[in-house]
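Below: the structure, in structure tokens.
The values are calculated or read from the model by the stated rules, or taken from the named source; none is laboratory data. This is a predicted model, so every value here is computed, not measured. When we count neighbours, we look across all protein chains shown, and the Cβ atoms used for this are built from the backbone with ideal geometry, even at glycine. The area values use the complete protein model at the heavy-atom level, side chains included, leaving out ligands, DNA and RNA. Shrake-Rupley method; radii C 1.70, N 1.55, O 1.52, S 1.80 Å.
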Amino acid sequence: MSLTATREPLVLGIESSCDETGIGLVRGTTLLANEVASSMDLHARFGGVVPEIASRAHLEALIPSLRRACDTAGVKLTDVDAIAVTVGPGLAGALMVGVAAAKALSIALDKPLYGVNHLAAHVAVDMLEHGPLPEPTMGLLVSGGHTNLLYVPDIATDVRSLGNTIDDACGEAFDKVARVLGLPYPGGPAIDEAAKEGDPKAIPFPRGLSTKKDLEKHRYDFSFSGLKTSVTRWVATKQAAGEEVPVADVAASFQEAVVDVITKKAVMACRDYKCDNLMVGGGVSANSRLRTVLEQRCTSAGISIRVPKLSLCTDNGAMVATLGAHLVAKGIAPSTLAVPADSSMPIGQVMG
């Protein structure tokens, strides 16, 4: 199947890489519908996402979400020009639900299928709010599953991974530290709120992969496991001594350590690659301290920041549809029906 783009394509996007079932409808760069069904509440008592629960939740939510999206957009499935779906990276079982649904729709509707990279889609979604991406763009993705720096000369064909987390993603570290402090899941919003009453300089928690030696080997990589362990030990020491744990100070100091590393490396990457545009995506982009420090440091460095509204930063179908529509408009050939769900899909591979 092929599609010649003689008008702005109407693309259906399906996202199921983790715990959100996302269905988006985009015409060109105009958002028509963005339905998201989250299974977060089902995972809360476990303190993190349980893959089997997420997969079952996708099965239950996908068709109702699809119907709501079509109703919101005022279109029928037969109206779409192409179907885009996240094929990786992500949880294998969760990905399979979305990919199977997209293939079934592709066959039933006789529409081309575009299997796309989840991380590239996070960058592409900014086109819905701020227009075409500058070329090049630096992408900073911060979420529960990812902490990545991407150099993007062309979102359709050229996305390069500069660095990523070598252990815990930043959002995962927020969740784990929140649990240590007795704060609710998800940890990001809880720590952000608690930190507002704390002193970010109270406790000198470590900044992972930031020494001169680290920067030689891991210049753009991130590590938050050691920071998480440091917080855990600090809290345990206080508790063992029978002292009250200053939750607000711990939250603020931990948050500052995370934000400090992320913002410094993002600005460093922009300077090294002479890139004056930084696009920020992922759920952790909602963190108030991250936004403040990024704005300060990017302004000082002459770097322009693009951050989509929060509903487009977290996992959603609109971002998948946006990348799909861009690929169609660029005349990129679609995927075959043999395209697999790939939980470890390389970051630089825009399409499966």
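Quick notes on this structure:
- Out of Tyr185, Tyr151, one residue alone is hydroxyl-bearing (Ser, Thr, Tyr) and open to solvent by 40 Å² or more (accessible area, probe 1.4 Å). It is Tyr185.
- Test: residue in segment 72-81 that is among the aliphatic types (A, V, I, L, M), open to solvent by 10 Å² or more (accessible area, probe 1.4 Å) and without any contact (Cβ under 8 Å) to a residue 60 or more places away in the chain: yes
- Selection within segment 163-184 - over 19 Å from Gly226 (Cβ atoms) and either small (Gly, Ala, Ser) or under 16 Å from the mean Cα position of the chain (by Cα) (or both): Gly182
- Check on Ile305, outside any loop (DSSP other than H, G, I, E, B), more than 19 Å from Ser17 (Cβ to Cβ) and in contact with a strand residue (DSSP E or B) (Cβ under 8 Å, 6 or more places away or on another chain): yes
- Of all the listed residues (Glu35, Glu52, Glu8), the sole one being among the charged types (D, E, K, R), touching a residue at least 12 places away in the same chain (Cβ under 8 Å) and surrounded by 22 or more Cβ atoms within 10 Å (Cβ to Cβ) is Glu35.
- Unique residue being buried (at least 18 other Cβ atoms within 10 Å of the Cβ), out of contact with any Pro (no Cβ under 9 Å at 6 or more places or on another chain), of a type in the set (D, E, K, R) and farther than 30 Å from Val350 by Cα when the list is Asp168, Asp192: Asp192
- Of all residues in segment 11-32, those satisfying the criterion of being open to solvent by 10 Å² or more (accessible area, probe 1.4 Å), of a type in the set (A, V, I, L, M, F, W, C) and either closer than 13 Å to Ala121 by Cα or over 16 Å from the mean Cα position of the chain (by Cα) (or both) are Leu31, Leu32.
- The set of residues in segment 239-248 that are part of a helix (DSSP H, G or I) and open to solvent by 50 Å² or more (accessible area, probe 1.4 Å) comprises Gln239, Ala240.
- Test: residue in segment 304-325 that is among the charged types (D, E, K, R), open to solvent by 40 Å² or more (accessible area, probe 1.4 Å) and touching a Gly at 6+ places or on another chain (Cβ under 8 Å): no
- Any pair with Cβ under 6 angstrom, 6 or more apart, that starts in segment 288-301 at a residue that is within 22 Å of Pro189 (Cβ to Cβ) and ends at one that is open to solvent by less than 80 Å² (accessible area, probe 1.4 Å): Ser288/Asp192; Arg289/Gln255; Arg289/Val259; Leu290/Val259; Val293/Val259; Val293/Thr263; Leu294/Thr263
- Candidates Asp260, Asp342, Asp315 - the one that is assigned to a loop (DSSP other than H, G, I, E, B), within 27 Å of Ala194 (Cβ to Cβ) and not aromatic (Phe, Trp, Tyr): Asp315
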